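Student: Before anything else, here's the structure in question.
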Amino acid sequence: MTKIDIVTNLYEKLGFSKRECANIVDTFFEIIKDTLEKDDNVKISGFGNFFVRKKKARRGRNPQTGEEIKITERQVLSFRLSQVLKDEINNKSKR
Amino acid sequence: MNKMDIINKLAADINVNQKIAKIAVDTIIDSVKKAIINNERVEIRGFGSFTLREYKAYKGRNPKSGEMVNVEPKKLPYFKVGKELKEMIWKDSI
């Protein structure tokens with residue numbers, strides 16, 4: 001599935017033009033990206049949370065040459081799945 | 001930022017009312033969810049991709065009691081950050 005499939009679903013649901021729907025989908029992901037870039041977390045209930053994690057500088061090794069290298073301090077994006085979706089995927093929703 | 005904030009921001013950005021923005025956000029999230037549940041790979045250019053990974057059963061321990069437990073096989077989605085977003089977040093820290 002790619003963005004085009006999401007646009008098609010939205011087109012069927014809203015009845016807006018495909019162009020407008022594409023704009024909506026793009027804006028949706030832009031909002032999330034902008035938020036994460038500002039180090040703010042994004043929580044989508046029933047789906048999961050996206051959050052920015054700070055990683056300290058550490059020593060690493062080039063796995064090919066074995067050469068020791070410095071890994072600089074950096075920020076990475078992590079995703080934590082919602083328990084609801086986790087259960088849904090594993091068919092545990094009906095208890 | 002939560003779903004409500006996204007809906008409000010989307011409504012303002014594309015100039016529609018909240019009701020339509022809510023339908024749009026729900027539809028987008030639902031589409032992604034359904035695809036993941038159906039074991040379909042989801043790829044959003046510039047953002048990231050989701051793939052469902054299968055994990056085998058294993059014997060684990062309850063971290064609190066130390067008791068042995070059987071962990072059943074399970075499927076969990078893996079999110080891989082897209083290159084563009086990865087670099088955006090990374091650069092931020094320098």
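Student: When you go through A:69, A:4 one by one, which is the residue that is closer than 22 Å to residue B:41 by Cα and either hydroxyl-bearing (Ser, Thr, Tyr) or open to solvent by 60 Å² or more (accessible area, probe 1.4 Å) (or both)? Quick ask: steps written out before the conclusion?
Tutor: Values: A:69 fails: closer than 22 Å to residue B:41 by Cα.
On inspection, the qualifying residue turns out to be A:4.
Student: Please work out which residue is farthest from residue A:5 (Cα to Cα), limiting yourself to the range B:21-40 and to residues that are more than 7 Å from every other protein chain (Cβ to nearest Cβ) and open to solvent by 20 Å² or more (accessible area, probe 1.4 Å).
Tutor: My answer is B:22.
Student: For the range B:50-94, please list each of the strands (runs of 3 or more DSSP E) lying entirely inside it that holds at least 3 residues being within 28 Å of residue A:46 (Cβ to Cβ) and within 14 Å of chain A (Cβ to nearest Cβ).
Tutor: On the way: elements: B:58-61, B:68-71, B:74-81.
Passing ranges, in order: B:74-81.
Student: Next up: For the range A:29-48, indicate whether the set of residues that are at pLDDT below 90 and either assigned to a strand (DSSP E or B) or surrounded by 12 or more Cβ atoms within 10 Å (Cβ to Cβ) (or both) is non-empty.
Tutor: Yes, the range A:29-48 contains at least one residue that is at pLDDT below 90 and either assigned to a strand (DSSP E or B) or surrounded by 12 or more Cβ atoms within 10 Å (Cβ to Cβ) (or both).
Student: Let me ask you something else. Specify the residue that is least open to solvent (accessible area, probe 1.4 Å); the eligible residues are those in the range A:72-95 that are more than 29 Å from residue B:88 (Cβ to Cβ) and among the basic types (Lys, Arg).
Tutor: A:92
Student: Can you pull out every residue in the range A:50-66 that is open to solvent by less than 90 Å² (accessible area, probe 1.4 Å) and outside any strand (DSSP E or B)? First the steps, then the outcome.
Tutor: Of the residues in the range A:50-66, the ones open to solvent by less than 90 Å² (accessible area, probe 1.4 Å) are A:50-52, A:55, A:57, A:60, A:62, A:66.
A:57, A:62, A:66, listed by residue number.
Student: Can you tell me how many residues in the range A:2-21 are at the interface with chain B (Cβ under 7 Å from one of its Cβ atoms) and on the phi > 0 side of the Ramachandran plot?
Tutor: Total meeting the criteria: 0.
Student: On to the next question. Of the residues B:35, B:24, B:12, only one is under 18 Å from residue A:89 (Cα atoms) and assigned to a helix (DSSP H, G or I); which?
Tutor: Details: B:24 fails: under 18 Å from residue A:89 (Cα atoms); B:12 fails: under 18 Å from residue A:89 (Cα atoms).
After ruling out the rest, the residue left standing is B:35.
Student: Considering each of A:68, A:37, A:30 in turn, give the residue that is within 11 Å of chain B (Cβ to nearest Cβ) and over 18 Å from residue B:4 (Cα atoms). Break it down into steps so the answer makes sense when it comes.
Tutor: Numbers: A:68 fails: within 11 Å of chain B (Cβ to nearest Cβ); A:30 fails: over 18 Å from residue B:4 (Cα atoms).
On inspection, the qualifying residue turns out to be A:37.
Student: Conditions first: (1) of a type outside the set (Phe, Trp, Tyr); (2) surrounded by 14 or more Cβ atoms within 10 Å (Cβ to Cβ); (3) on the phi > 0 side of the Ramachandran plot. Residue B:15 passes all but one, so which condition is the exception?
Tutor: Of the numbered conditions (1) of a type outside the set (Phe, Trp, Tyr); (2) surrounded by 14 or more Cβ atoms within 10 Å (Cβ to Cβ); (3) on the phi > 0 side of the Ramachandran plot, the odd one out for residue B:15 is (2).
Student: Right, something else. Among the residues of the range B:72-86, are any under 27 Å from residue A:23 (Cβ atoms), out of contact with any Leu (no Cβ under 9 Å at 6 or more places or on another chain) and aromatic (Phe, Trp, Tyr)?
Tutor: Within the range B:72-86 (the criterion being under 27 Å from residue A:23 (Cβ atoms), out of contact with any Leu (no Cβ under 9 Å at 6 or more places or on another chain) and aromatic (Phe, Trp, Tyr)), the answer is no, since none of the residues qualifies.
Student: Moving to a separate point now. Six or more apart or on different chains, Cβ under 6 Å: which pairs go from a residue in the range A:39-53 that's on the phi < 0 side of the Ramachandran plot to one that's of a type in the set (Gly, Ala, Ser)? Could you list them?
Tutor: A:47/A:82; A:51/A:78; A:53/A:78
Student: Out of all the residues in the range B:1-20, which are within 7 Å of chain A (Cβ to nearest Cβ) and of a type in the set (S, T, N, Q)?
Tutor: Correct list: B:2 only.
The values are calculated or read from the model by the stated rules, or taken from the named source; none is laboratory data. What you are looking at is a predicted structure, and each value in this text was computed from that prediction instead of being measured. No Cβ is skipped: glycine too gets one built from the backbone with ideal geometry, and neighbour counts run over all protein chains shown. These accessible areas exclude ligands, DNA and RNA; they are computed on the full protein's heavy atoms, side chains included. Shrake-Rupley method; radii C 1.70, N 1.55, O 1.52, S 1.80 Å.
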